[in-house]
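Okay, structure first, notes after.
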Amino acid sequence: MLDRIDATSITTIQLYNQPFIRAFEMTPSLPTFVPATQLPLAIDNGRLVLQDMLGVGAYGSVYRAIDTQTHQTYAVKSLNKAGLNSRQCAFQNHEAQLHAKVSGHPNIVTLHKVVEENDCLYMVLDCGMEGDLFYTITERGGFVGNTMAIKTIFSQIASAVLHCHSRGVYHRDLKPENIIMFGRSVKLVDFGLATTEPVSSEFGCGSTFYLSPECQGGFIESVKSYDSAANDVWSLGIILINLTFGRNPWKQACPRDETFSAYAQHNDFLQTILPMSTELNEIVKGAFCLNPKKRITLSELARRVQACRFFTTPEFPSEASVVSAATAASQASFSTTMSGVYPTSNLHGPDDKEDSGVDLQSMA
C-alpha cells in the first residue's frame, strides 16, 4: 500500500531548484580529447584512422575516425572483448545485430560496418558533430517555448522508435543522451540495452530517470515481466517533458520519490507544479498511465503531440523570461556546428552511480 504524502508540500520552486545530473557522469556532453599517442592508430586494414576520443566507459570507448579513401568522418564505437566469456561476447554482437536491423531510417544513426580486430569489436557509425539532445536542451537554450521545434524533434524521435518497434526491436534506454543532433534532425543511437522480446523479464534496463515503474519490478505490486513497447512509451513521455520544460517530472518512478508518489495518487499533479497546458497534461497522463495495458500507444502519442495546440499555460513565457534569450539563440542557430559526442552508457560497469534530480539546466 502506498504511503500518503501531502502533495501541497511539493512546490513548483522546490521542483525547479532540484539538481539534475546526467545519467552517467562518465558520459560527457562534449568529447574528452586525448593525445593521439594514446589511441589505436587505425583499424579495418588501415582504412579508418582514429583521430580523437569522444566518450569513454568501463568496457570501451567511442572515437572520431577518418576514412582514408573517402575522407568521410565516422564515429567508431569500440567494445573490448579481452577477457570476456562467450556469453558476454554474444551480448556485444547482439547490440550490433539489433542496430543493423533498424539501420537505414533517417532518424537512426546508421551502422555502416562492424570490424573485429585487436581484441575489440568496432561499430562504425554516423558521426554527428553537434552534440546530443541533452547538450542542446541544457547548453544551447533547448526548445523551451518553441512549440514547433518541440513537435519537429519529438516527431523524429517517435518515428525512429516506431521503426524499431515495427522491426521487433525495443530500445529500453531512450533518453536525450542517446539522441544525436544532425543539423535540424536528430538520430537515435546506442542499442546496447535493446531487446527483441515483446515481453521482457530483464528489470532495471535503462537510466533511472526514464524507467517505467514496471521495468523496476512494479509500483503497487511486483510483476514478473513487462511490455517492452509500453516501457519505451513511458520513456518518451519523460523526453517530452524534457523538451518542453528543460527538466524531468521526478527523479524516479518509484514509491520513495515524493513527486512521483503524489502523481500516482492524483494524476493531474504535474499540472500543479509545472506550467503545463490541459492538452499536454492529458497527453502525459496517457504516457504515464500506471497500467501499461491502458497506456497510450506510441502512434497515438505521436499523433496527439502533433495535434497539441499549446504545451504550456499562457503565463509560462513570463516565468521563462530568464531563458528567452537562449531560446531565441537556439531558434536562430539550430544547426550551428559544434563538437560531436557519442554516448557510451552501456559501457559502464555495475558499480557506476547515478545522481538523481530534476532540473536539467542546473547541471550543464
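Output yes when any residue across region 35-58 is at pLDDT below 80, in contact with a helix residue (DSSP H, G or I) (Cβ under 7 Å, 6 or more places away or on another chain) and crowded, with 16+ Cβ neighbours inside 10 Å, and no when none is. Spell out how you get there, then give the answer.
Our first condition is that a residue be at pLDDT below 80; within region 35-58, this holds for 35-40, 56-58.
Going one step further and asking which of them are in contact with a helix residue (DSSP H, G or I) (Cβ under 7 Å, 6 or more places away or on another chain), we end up with 57-58.
Within this subset, residues satisfying the condition of being crowded, with 16+ Cβ neighbours inside 10 Å are 57.
Within region 35-58, one or more residues are at pLDDT below 80, in contact with a helix residue (DSSP H, G or I) (Cβ under 7 Å, 6 or more places away or on another chain) and crowded, with 16+ Cβ neighbours inside 10 Å.
Which residues, counting only those in region 139-171, are at pLDDT below 95 and in a loop (DSSP other than H, G, I, E, B)?
Arg140, Gly141, Gly142, Phe143, Val144, Gly145, Asn146
Checking the conditions here, which among Gly83, Gly142 is under 30 Å from Thr312 (Cα atoms) and of a type in the set (Gly, Ala, Ser)? Spell out how you get there, then give the answer.
Values: Gly83 fails: under 30 Å from Thr312 (Cα atoms).
On inspection, the qualifying residue turns out to be Gly142.
Since Tyr63 meets every condition but one in (1) of a type in the set (Phe, Trp, Tyr); (2) in a helix (DSSP H, G or I); (3) touching a Ser or Thr at 6+ places or on another chain (Cβ under 7 Å), which condition does it not meet?
Every condition holds for Tyr63 apart from (2).
With Asp257, Asp268 as the choices, which residue is outside the structural domain of Lys77 (by TED's automatic domain parsing), at pLDDT 90 or above and farther than 26 Å from Gly204 by Cα?
Residue meeting the stated conditions: Asp268.
Considering every residue within region 79-92, establish whether at least one is buried (at least 23 other Cβ atoms within 10 Å of the Cβ) and not assigned by TED's automatic domain parsing to the domain that holds Gly204.
Applying the first criterion (buried (at least 23 other Cβ atoms within 10 Å of the Cβ)) to region 79-92 yields 79.
Narrowing the set further to residues that are not assigned by TED's automatic domain parsing to the domain that holds Gly204 leaves 79.
Within region 79-92 (the criterion being buried (at least 23 other Cβ atoms within 10 Å of the Cβ) and not assigned by TED's automatic domain parsing to the domain that holds Gly204), the answer is yes, since at least one residue qualifies.
Taking the options Ala149, Ala96, Ala75, name whichever one is assigned by TED's automatic domain parsing to the domain that holds Leu301, surrounded by 17 or more Cβ atoms within 10 Å (Cβ to Cβ) and not hydroxyl-bearing (Ser, Thr, Tyr).
Ala149
Can you say whether Ser235 is assigned to a helix (DSSP H, G or I) and within 24 Å of Phe134 (Cα to Cα), as far as the supplied structure shows?
On the way: assigned to a helix (DSSP H, G or I): yes; within 24 Å of Phe134 (Cα to Cα): yes.
Judged against the criteria, Ser235 is a match.
Which of the residues belonging to region 117-138 are assigned to a loop (DSSP other than H, G, I, E, B) and not aliphatic (A, V, I, L, M)? So that I can check it myself, show each step before the final result.
Start the filter on region 117-138 by keeping residues that are assigned to a loop (DSSP other than H, G, I, E, B), which leaves 118-119, 127-131.
Passing the criteria: Asn118, Asp119, Cys127, Gly128, Glu130, Gly131.
If I go through region 295-329 residue by residue, how many of them are modelled with pLDDT under 95 and farther than 23 Å from Gly145 by Cα?
The number of residues fulfilling the criteria is 0.
Per-residue answers, yes or no, for (1) in contact (Cβ under 8 Å) with a residue 60 or more places away in the chain; (2) at negative phi; (3) out of contact with any Lys or Arg (no Cβ under 8 Å at 6 or more places or on another chain); (4) among the hydrophobic types (A, V, I, L, M, F, W, C):
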| residue | (1), (2), (3), (4) |
| --- | --- |
| Arg64 | yes, yes, yes, no |
| Thr68 | no, yes, no, no |
| Leu84 | no, yes, yes, yes |
| Cys89 | no, yes, no, yes |
| Gln97 | no, yes, yes, no |
| Ser103 | no, yes, yes, no |
| Leu111 | no, yes, yes, yes |
| Met129 | yes, yes, yes, yes |
| Gly142 | yes, no, yes, no |
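How many residues does region 192-211 contain that are farther than 21 Å from Ser222 by Cα, surrounded by 22 or more Cβ atoms within 10 Å (Cβ to Cβ) and either aliphatic (A, V, I, L, M) or at pLDDT 95 or above (or both)?
1
If you take just the helices (runs of 4 or more DSSP H) that sit entirely in region 257-318, which of them hold at least 2 residues that are among the hydroxyl-bearing types (Ser, Thr, Tyr) and within 22 Å of Asn231 (Cβ to Cβ)?
Result: 258-265.
The values are calculated or read from the model by the stated rules, or taken from the named source; none is laboratory data. Here the structure is a predicted model, which is why all the values come from computation and not from measurement. Heads up, the Cβs are rebuilt from the backbone with ideal geometry, glycines too, and the neighbour counts pull from every protein chain shown.
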